[in-house]
Each structure stands twice: as C-alpha cells, then as structure tokens.
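First comes the structure, then the notes that go with it.
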Amino acid sequence: MSEEQKQPEKQDIPEVFLSPYNPKEHEDALYHMWEESGYFNPDVCIEKGVTAPDAEPFSMVLPPPNVTGTLHMGHAAMLAVEDILTRYNRMLGKRTLWIPGTDSAAMATQSKVEGLIYKEEKKRRDEIGREELLKRINAFAEESKDTIIGQTKKMGSSLDWSRYAFTLDETRYNAVMEAFVRMYNDGLIYRGARSVNWDPAMQTTVSDDEVVYEEKNSPFYYFKYGPFTIGTVRPETKFGDKYVVMHPDDKRYAEYEHGQQIDVEWINGPITATIIKDEAADPEMGSGVMTITPWHSAVDFEIAQRHNLDIEQVIDERGCLMEIAGEFAGMHIKKARPAIIEKMQAKGLIEKVDESYTHNVATNERGGGMIEPQIKEQWFIAVNKEFAMGHSEVPGVAEGDTVTLKELMIKTVESGGTEIFPERFKRVYYNWINNLHDWCISRQIWYGHRIPAWFKNSEVKVQVESPGAGWEQDPDTLDTWFSSGLWTMSTLGWPAATDDFATYHPTTVLETGYDIIFFWVARMILMTTYLTGQVPFKNVYLHGLVRDKSGKKMSKSLGNVINPLDMIEQFGADATRLSLIVGAAPGNDMPLGEDKVRAYKKFANKIWNISRFILTSVADAEQSATPVLSERDQEILAGLARTVTEVSAEIDRFNLYIAAEKSYHYVWHELADVILEESKDIINGDDAAAKAARQYVLTRCLIDSLKLLHPFMPFITEAVWQELPEEMRDAEQLMVAPWPVAKAE
RNA sequence: GCGCGCUUAGCUCAGUUGGUAGAGCAGUUCGUUUACACCGAAAAGGUCGGGAGUUCAAGUCUCUCAGCGCGCACCA
C-alpha cells in the first residue's frame, strides 16, 4: 500500500490522533482551559447557563492537606475519589461545589520549622522569639502551600479555587474566635488542672489521639517497700511515693487497714507510707501492691482524687527532677535512672530485675518526644456536661433538649442525620465516643490560633479584643483540630450569614481516610451540631490507605514510596487516578504497584484509538434524520443504556471501584472488542442504510462512553471531546456536558 | 483485655438480598502491517483457611478452631 492511498483518509480526522496518546501533551493545557472557563465555580456555571439556578446543590470540602510537605499517594487517591464525585454531580446538572484548602497543622509544622532552624543556626525557640519564629513558619507554610496546590491541579481536581481557604486566614480566624467564645459562655469550655500529655521536647500538651505508643524493652525493677514489693520501669518517678495501694479483697494483705501508716526505708531515707485500699490495684499483677505517682500518671491521679491524697510534682516541664529528689534534683530523668538504681542497689532495696519486660512508651505523634504526664492548668471542652440544645435540625434532637456533646455526636449518626460508609465504621465511631474524655484544646506552641483569653492577676476574661491595660493574653494556642472541626462551616463563610452557607451547608458528603475518623470526622460533628444545629455533612465516605504492591505501608525508611507526581509524569494523571480507584473498596486499604498504573495508561491509549476509529468511520456520515436501526443496532444501544444506568447507580452508592471497572470493561471489551470489530464490515459494506444506522450508533456509543469515563479520566476524555466535530457535541466542554440519559430506542 | 477486619486462580483483589466462582497482572498457545503490539483470540489455572451446623441449595447465614492485620484500652 502506498503513502498516497493513506493520505486522503487521514485528512478526515484531526491529526492529533495519529500518534499514541501522550498525556504530557494535553493535561496542563486542558486544566488551564477548565480553570479559565470558570466552570469549577458553580456561580459561573449558573451564569453561563450550564446549571439551573435552582438546581439541587452538591457540596464537599477537600480535607485540607497539611502545609508541612508535599502530596503523597494517599492524597492522590483522595483527590481522585472526590473529583469523580464532583465531576459526576456537575454533569448531572447539580450546583456543584468542591472547596479547596490547606491546614496549618500547627504542631507538625512548627516542629518541622524549629527542626530546620536548629539544624542550620543551632538556635532554639526561645532564642528566636515568638514574632520571628512565626514569620519563618508562615514563609515555610506559604511555600509549601504553593507546592501542594500545584500538585493538586496536576491530578485534574476540579476544585473551586476562588473559594480557597486556609485554616489561619481571616474568615477561619473569625470562626474559631466565635466558636471559642460561645462555647466558653455556654460553659462547655473550661479551664482546669488535669492530668495531660506533656511533651518535654516540644514543650506542649498533646491530645490523647496524638499520643502513639511504641513498644519498648526496658528493665523492670522490683523494689522493697517496707514489707511490700512494688514493681516499676520508672524508678525516677518514685521519690514522692508515700501511698501504697492494694485491692480491698486481697487476702494476702488483710492484716493492713486502709489509712494505716507504716514506716519504710526509701530512696533518700525513711518515709511514712499510708495504706490505701482501692480496686484499681490488680491482685493478679505482680505482688498486687503498688505505689502511686499522681502527678505523672492519669490513672494514679484518679486514685488520688478518689481518696483526696496529696499530689506532688517530681519531674519538671523539661524532664528534670525537682527538689523532692534530694541529691538527684536537677538531673535529667534519663541520666538519673541509672544513678538511682545504683543507690537502690547499694541500699539493698532491689529484690530483682526483669530484663525482658516489654511495655508501651507514649510518644508525641507530631514530631515530638516521649510523653511525660503532668498536672497542668489547661483549657478543655467538656464532653459530658449537659446543656440545653439551641436551634436544631439534627434528626432526633429537638430545640431545648438536654444533651451532652457526647450524646449529640452519637445521636447525629444513630438517627441517620449523618450516614457513614462503610457502615462498620459506625461502631468504631461509637466506641471512640464512649471512651472519650474531656478534650484538652490548649497547646504551648506559637503557631496557630491564639486563645482569646485574658488574665489579670487571678481574673480571667474570654473575649477577642483586649479588655484593656494590665490584661495579658493567654500565650497558648488552640489545638489544630479545633479549627479543623469548624471546616465545613468556616469554608462557607460562617459565622457570617452568607449565601454560600445557606446554599451549601450541610455539605453533601465528606470523603476522607478512615484513619482520621476520630481526629476530624467526630470533631466536625461535635462542633457543627452544637454551633449551628446542623449536621456538617449528610454522608461520610471513608477510603482506605494506599499501600505498596505487597500491602505494606509506604514509608521512606522502607523505600517503597511511590510518588504520585512520578506516576503522572510517566503514565498520566488519568491512569494514576484509575489505578487508585479500581480495586479500592470503601474503607479497605489498597495495594498499588507501578504495573497497575501502567495498565491504565494502556487503557487511555485504547480510548484514544477507539475515538480515532469511530471518527474515521463516521466521517462521511450524512446529518440526516434518525436512521432505521437494525435489531443489532438497537441491542447495542440498549447495552449502552444499561451500562449508563449501572454505572450511575454504583457511583450513587459510592461504589466507585465497581463503577470504574464496569465502565472500563464496557469500553474495552464490549465497545472495542465486539462492537467495533463487527462494525468494520458494515462500514466498509455496500448497504448504505445499514451503514448510516451503524454510524449513528457508533457516534452515540462514543459520546456516551466519553461522558461515562469523564469523571474517572477527565483529561483524555476532554482531549477527545475537544476534537469532535461541533455538531456531535452538546457542550463546549465535556466537563459541563449533560450526563447521558439512559433511554431505549 | 475489648472491638473490627482479612484468609477466594502463581500475585493483588472483586463477589450487592444464599442458586455449585470473576477481574487485572504474571504465565501458556495461536494470531495480527491500516483504530490500537500501549493489539486480538483461545486455552489453562481455585475441594473459596480447617471443622461443624441451618437449607432443596453456602464463598455468601450461624457456631467453632487456626493464622494474619488493624484500632482502642491497660501496662505497678
């Protein structure tokens, strides 16, 4: 076959189709086109007439990535899922809003920047000063933010950038202040001395959820304590132990009475110990006797409170021993431990040492060190305090009902006001709430929202502006999750009564990873139901974690991290997205290997070639009235309609993995392998009527397949759409084209 | 300790209300120069972790055993 023979046919279709699909040539330009059009913004869609002004709203917030770093595969998966939901609903004609933002992640960010500064300048927090440190953190956050936004766009995310929000910007600041002051005035925020998780390295408190336990092997010491034997891994806390606790029913110690005093020889000499009978002592454990250190243990603190015992601090905020330690005072606990053991050994107070003891050491997940419980004056949210519910749209809760925040959180889900998918996470959610203690919300770091509380001598005032001369603002800042808890509201302008809030709140769905159900989902429900009487979202869709090919967690130390940008660079954003969707059942972790991404790149190319083939085949079609369809033609259209119906139903049920697979299967193994193959004879045949009919059918198949695939693979489908002849398209951009209507011929 | 999940083809996983198993990748055989080798066709491959029960019928429901993973709590 000669070159001349090929030429005429080729001219009928856009030249762009003549080489394999290359994502790099199209993606950035297409994203630019979408962004320029303004269609990410529902207001523009209404203005330009692609969305009805009174259409049903669909709204969702982007779980704001932390400004500490760059996007990873988990983010990419999240973006893929959310963009699919967004694009699908937009094509359905809904007023669709997906709001972008970033999170200050105060503790993690400050920790990171402090680390960088120390590395370069050997300077600590106090040497830099509050103002200067904040300046540096802000600069870091700003840069990180730009990186994240750039990466988010690479994924094709159809976010309305005109509504971009940052947790520390002015609107969000107003929301935080409003929430804090209101909760304080309603008695749901209080200041009190409690046992809190103190991080001596970061010099701040940490919430219960941010404490992670690491298993460690440490020697376990058995000490002589008068007539008793007590065990501990932490001898350095034991100086002030003057209460010895045993179970009231423990027969071994029946001879001792509650409140009885005995003299014992202890680390720094003789002391008088008091016997306490309390059920917290487990007779099965060791000798069944323990001494307590209430200042440095939440459990011991509770025992001490029950019996009204003295409480003494042993370790200071920096992790050094205090006066009570006598000759060891001023030593850091790490150095003190061996010295103490040496002395105990010399005094003959050590009975035995178990070297194979493993226990869990509490550490700060956000880049800090080992946790030392301390009693500290902090701000708390009272989760068990009853109050009268204000205005309420939460099902099952009426205005004026007496509730606690815990009950509100439970009822919101129980009543179906918020649905959780997959359902099994409801139980996880209830479980967590039932174990919930008052939430410590103050942090001793500088980055974040400063607490609107003012002190003058012993007086306290809670208000945003300074009450006047002589008043000092609380130097502490709020837990990041306090502001995150307001996110669905604050991104829509709350506390101002905005049109956005009226239209888009409650949001339709919250899509996020199951790992932050406690941190975030529960807290949004708490804050939003209390503050507005609305649920924050009607649905929660929880996705799993992206793991490596063999199911291991991706981590730098294992070297198995796959960078989403690398995947986009090699295989395109569409292939990357699809690889993160197919096989990812809601709430299940998903393994990902490069092979999978590569496989979907082939699919992108397949779409490209299907488009080329159909466009070539229909190039000489006449724009006549609807042709007479054969039985087979009708069957093809019915199959197409069935696929549309099924895929739509699966997306509605959040079964994106099934929807994606069905679309994929239809396009490749039905449209391409069967329909296109059998059409070759008809298109090249002599029966003009049959040919016209098949041309009509193929056009329909192409248009609807592109629409069907668009939410999943927005770039390639839009690229093809832009090459279609004008008369074939029913919208300027596929992004805002109407979702196919399933209709039988 | 409490709770949740997983165990299905060599690998990674699907399998909606119970009707004797599917996909992708890998592998086998064959084919293919005009939509696409980033292709097509065909074949192969599983007693659905073990055991018991309910049922006409169980991967699917119940109980039980085993292994793996995760969350929470405890940790003197």
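The values are calculated or read from the model by the stated rules, or taken from the named source; none is laboratory data. Predicted model only: the values in this text are computed from it and were never measured. Cβ sites come from the backbone with ideal geometry, for glycine too, and all protein chains shown count toward neighbours. We work out accessible area using only protein heavy atoms, side chains counted, and drop any ligands, DNA or RNA first. Shrake-Rupley method; radii C 1.70, N 1.55, O 1.52, S 1.80 Å.
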Complete set of residues in segment A:389-427 that are part of a helix (DSSP H, G or I) and within 16 Å of RNA strand B (Cβ to nearest atom): A:406, A:409, A:410, A:413, A:424, A:425, A:426, A:427
- line: For segment A:301-312 the number of residues that are more than 10 Å from RNA strand B (Cβ to nearest atom) and out of contact with any strand residue (DSSP E or B) (no Cβ under 7 Å at 6 or more places or on another chain) is 6
query: Hey, does segment A:61-71 have a residue that's open to solvent by 10 Å² or more (accessible area, probe 1.4 Å), assigned to a strand (DSSP E or B) and modelled with pLDDT of 95 or more?
result: no
- prompt: Checking residue A:224 against (1) within 14 Å of RNA strand B (Cβ to nearest atom); (2) under 26 Å from residue A:325 (Cα atoms); (3) at pLDDT below 90; (4) open to solvent by 10 Å² or more (accessible area, probe 1.4 Å), which test does it fail?
  reply: (3)
task: Might you let me know whether segment A:490-499 holds any residue that is more than 16 Å from RNA strand B (Cβ to nearest atom), in contact with a Phe, Trp or Tyr (Cβ under 8 Å, 6 or more places away or on another chain) and on the phi > 0 side of the Ramachandran plot?
output: yes
task: Look through A:195, A:218, A:207 and report the one residue that is in contact (Cβ under 8 Å) with a residue 24 or more places away in the chain and surrounded by fewer than 16 Cβ atoms within 10 Å (Cβ to Cβ).
output: A:218
task: Looking at (1) modelled with pLDDT of 95 or more; (2) outside any helix (DSSP H, G or I); (3) aromatic (Phe, Trp, Tyr), find the lone condition where residue A:31 falls short.
output: (2)
task: Could you list all residues from segment A:512-552 that are within 16 Å of RNA strand B (Cβ to nearest atom) and small (Gly, Ala, Ser)?
output: A:513, A:522, A:544, A:550, A:551
- line: Looking across segment A:647-701 at residues that are of a type in the set (S, T, N, Q) and crowded, with 20+ Cβ neighbours inside 10 Å, the single one that is nearest to RNA strand B (Cβ to nearest atom) is A:679
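Looking at A:348, A:369, A:330, A:396, can you tell me which residue is on the phi > 0 side of the Ramachandran plot, touching a residue at least 12 places away in the same chain (Cβ under 8 Å) and open to solvent by less than 60 Å² (accessible area, probe 1.4 Å)?
A:348
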- request: Check whether at least one residue in segment A:616-626 is among the acidic types (Asp, Glu), crowded, with 18+ Cβ neighbours inside 10 Å and more than 16 Å from RNA strand B (Cβ to nearest atom), and report yes or no.
  value: no
- prompt: Among the residues of segment A:276-300 satisfying the criterion of being hydrophobic (A, V, I, L, M, F, W, C) and open to solvent by 40 Å² or more (accessible area, probe 1.4 Å), which is farthest from RNA strand B (Cβ to nearest atom)?
  reply: A:295
query: If you take just the strands (runs of 3 or more DSSP E) that sit entirely in segment A:503-558, which of them hold at least 1 residues that are at pLDDT 90 or above, among the hydrophobic types (A, V, I, L, M, F, W, C) and in contact with a Phe, Trp or Tyr (Cβ under 9 Å, 6 or more places away or on another chain)?
result: A:507-513, A:537-543
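Condition check ((1) touching a Ser or Thr at 6+ places or on another chain (Cβ under 9 Å); (2) charged (D, E, K, R)) across all residues:
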position	(1), (2)
A:77	no, no
A:81	no, no
A:106	yes, no
A:125	no, yes
task: Please work out which residue is nearest to residue A:69 (Cα to Cα), limiting yourself to segment A:561-595 and to residues that are part of a helix (DSSP H, G or I) and at pLDDT below 85.
output: A:594
Count of residues meeting criterion [under 13 Å from the mean Cα position of the chain (by Cα) and closer than 17 Å to residue A:97 by Cβ] in segment A:473-511: 3
message: Between A:167, A:152, A:237, which is open to solvent by less than 50 Å² (accessible area, probe 1.4 Å) and under 30 Å from residue A:316 (Cβ atoms)?
response: A:237
message: I'd like to check something: does segment A:327-338 contain any residue that is outside any helix (DSSP H, G or I) and within 16 Å of RNA strand B (Cβ to nearest atom)?
response: no
field: Selection from segment A:594-609 of residues that are of a type outside the set (D, E, K, R) and either open to solvent by 10 Å² or more (accessible area, probe 1.4 Å) or more than 10 Å from RNA strand B (Cβ to nearest atom) (or both)
entry: A:597, A:599, A:600, A:605, A:609
task: Of all residues in segment A:248-275, count the ones that are within 12 Å of RNA strand B (Cβ to nearest atom) and in contact with a strand residue (DSSP E or B) (Cβ under 7 Å, 6 or more places away or on another chain).
output: 1
